[in-house]
């Protein structure tokens with residue numbers, strides 16, 4: 001047993017870590033939690049779903065009924081692939097986005113974050129290339145880093161992943177002798193960018209992936225949370241063999257239940273089950289059966305409709321406040337669903353450097369650099385509108401606008417400039433801005 005450390009070393013085991021552990025660092029979102037959770041801070045940072053919109057009496061009745069009628073099963077070990085009844089119910093849920101599958105194609109996971117981990121574990125060796133959007137979901141970047149992948153950002157535009165940029169990235173990676181294992185994309189209501197791939201764009205992305213023989217990893221936690229029009233059709237709906245589809249009940253029921261899933265081709269599904277059994281033996285039977293009981297007895301489509309209306313109201317409060325209060329030169333995306341808008345600051349400002357001032361003014365956001373692995377995104381930030389009520393959102397934007405104005409005054413006074421990065425990670429205009 002090691003009871004002390006020698007010299008100034010704080011971690012006596014640092015030399016014993018695996019190579020893959022050396023790149024593990026806390027995300028900028030995680031680092032914000034302790035500050036942003038203070039009640040006096042208006043947090044536009046974290047993407048917590050507003051679970052208070054659930055009928056808690058109905059949820060309590062569901063859990064009580066489950067324990068009374070099937071408690072011995074719910075509290076026991078289960079299948080490594082997930083409960084069969086729940087997998088059959090997931091078919092109904094994914095049918096809303098056009099996905100047709102068999103219960104055997106589904107692997108239930110502890111949230112879709114676990115599914116991301118399992119897919120990467122099965123496919124990626126150290127040094128393998130994963131193509132991701134620019135910017136991309138911080139949780140996915142953390143997984144790919146942990147498996148020592150070579151992460152390559154691909155430019156986006158107002159419809160998400162740009163086909164020409166994707167083609168160019170594939171050509172460049174292969175010309176450099178890199179082995180591309182997958183394209184990771186969030187086509188609907190992107191986190192953090194807030195943009196959505198249209199039907200034609202989705203067809204283009206699939207055509208490129210199919211032609212190149214590259215697997216697509218489609219992450220779709222927000223697909224049912226659109227604010228207008230039809231539910232976007234999933235990529236997986238048009239390619240059962242070339243796309244692994246990830247989904248979650250975290251945004252449509254409750255994140256605390258930690259129930260997600262992967263829909264995968266037969267051979268891949270078997271590998272995912274083996275990887276899941278090695279990692280956790282089996283997902284929580286209690287959580288799965290609680291979700292299953294909820295889906296069987298509660299009006300879940302009506303609950304999703306309630307969430308949509310609530311988030312639309314909060315999205316509108318954010319956009320109206322940004323339009324009314326933000327200094328000239330600030331731009332932002334206009335999300336048609338989901339939780340987030342992506343903001344580009346006026347030229348010369350640095351969202352990471354500005355964060356301490358924002359926290360001092362009791363408003364929190366996530367700096368854009370957290371959504372890149374290459375240092376880009378310094379003049380971007382992500383705003384989340386899912387959790388605060390509309391009045392808090394307006395107050396948060398008011399405080400943030402004051403911080404940006406103060407930073408602009410400093411820049412004008414001292415001629416301060418910072419390294420800039422656009423929405424695309426390139427020099428093209430930011431799309432869909434108010």
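The values are calculated or read from the model by the stated rules, or taken from the named source; none is laboratory data. Being a predicted model, the structure only gives us computed values, none of them experimental. Backbone-built Cβ (ideal geometry, glycine too); neighbour counts: all protein chains shown.
Let me spell it out: the conditions are (1) in contact with a helix residue (DSSP H, G or I) (Cβ under 6 Å, 6 or more places away or on another chain); (2) not in a helix (DSSP H, G or I), and residue 120 meets all of them except one. Which number is the exception?
Single failed check for residue 120: (2).
Kindly indicate which of 159, 228 is touching a residue at least 12 places away in the same chain (Cβ under 8 Å), surrounded by fewer than 24 Cβ atoms within 10 Å (Cβ to Cβ) and closer than 25 Å to residue 380 by Cα. Walk me through how you get there before you give the answer.
On the way: 228 fails: closer than 25 Å to residue 380 by Cα.
That would be 159, the only listed residue that is touching a residue at least 12 places away in the same chain (Cβ under 8 Å), surrounded by fewer than 24 Cβ atoms within 10 Å (Cβ to Cβ) and closer than 25 Å to residue 380 by Cα.
Restricting attention to region 339-351, report how many residues are farther than 10 Å from residue 192 by Cα and either part of a loop (DSSP other than H, G, I, E, B) or at pLDDT below 95 (or both).
Within region 339-351, residues that are farther than 10 Å from residue 192 by Cα and either part of a loop (DSSP other than H, G, I, E, B) or at pLDDT below 95 (or both) number 6.
Of the residues 334, 304, only one is part of a loop (DSSP other than H, G, I, E, B) and either assigned by TED's automatic domain parsing to the domain that holds residue 118 or touching a residue at least 60 places away in the same chain (Cβ under 8 Å) (or both); which?
334
Condition (residue is surrounded by fewer than 19 Cβ atoms within 10 Å (Cβ to Cβ), at pLDDT 95 or above and assigned by TED's automatic domain parsing to the domain that holds residue 136) applied to region 179-191: is it met by at least one residue? Walk me through it before giving the result.
Going residue by residue through region 179-191, those that are surrounded by fewer than 19 Cβ atoms within 10 Å (Cβ to Cβ) are 179.
Subsequent filtering for residues that are at pLDDT 95 or above retains 179.
From what's left, assigned by TED's automatic domain parsing to the domain that holds residue 136: 179.
Yes, the conditions are met somewhere in region 179-191.
Quick one: in region 38-57, of everything that is assigned to a loop (DSSP other than H, G, I, E, B) and under 10 Å from residue 384 (Cβ atoms), which residue is modelled with the lowest pLDDT?
Of region 38-57, the ones assigned to a loop (DSSP other than H, G, I, E, B) are 38-41, 44-50, 54-55.
Checking the rest, the ones that are also under 10 Å from residue 384 (Cβ atoms) come to 44-48.
Values: 44: 97, 45: 94, 46: 88, 47: 92, 48: 94.
Of everything passing the filter in region 38-57, 46 is modelled with the lowest pLDDT.
Mind telling me which of the residues 270, 277, 313 ends up being surrounded by fewer than 16 Cβ atoms within 10 Å (Cβ to Cβ), free of Cβ contacts under 8 Å to residues at least 60 places away in the same chain and in a helix (DSSP H, G or I)? Let's see the steps before the verdict.
Numbers: 277 fails: free of Cβ contacts under 8 Å to residues at least 60 places away in the same chain; 313 fails: free of Cβ contacts under 8 Å to residues at least 60 places away in the same chain.
Step by step, each of 270, 277, 313 is checked, and only 270 is surrounded by fewer than 16 Cβ atoms within 10 Å (Cβ to Cβ), free of Cβ contacts under 8 Å to residues at least 60 places away in the same chain and in a helix (DSSP H, G or I).
So for region 192-211 (the condition being in contact (Cβ under 8 Å) with a residue 12 or more places away in the chain, within 15 Å of the chain's Cα centre (by Cα), more than 27 Å from residue 316 (Cβ to Cβ) and surrounded by 16 or more Cβ atoms within 10 Å (Cβ to Cβ)), does at least one residue qualify? It would help to see each step written out before you state the result.
So the first thing to find is which residues in region 192-211 are in contact (Cβ under 8 Å) with a residue 12 or more places away in the chain, and the list is 192-199, 201-206, 208-210.
Pick out the ones that are also within 15 Å of the chain's Cα centre (by Cα) and you get 192-196.
After this cut, where a residue has to be more than 27 Å from residue 316 (Cβ to Cβ) as well, the list is none.
Scanning region 192-211, I find no residue that is in contact (Cβ under 8 Å) with a residue 12 or more places away in the chain, within 15 Å of the chain's Cα centre (by Cα), more than 27 Å from residue 316 (Cβ to Cβ) and surrounded by 16 or more Cβ atoms within 10 Å (Cβ to Cβ), so the answer is no.
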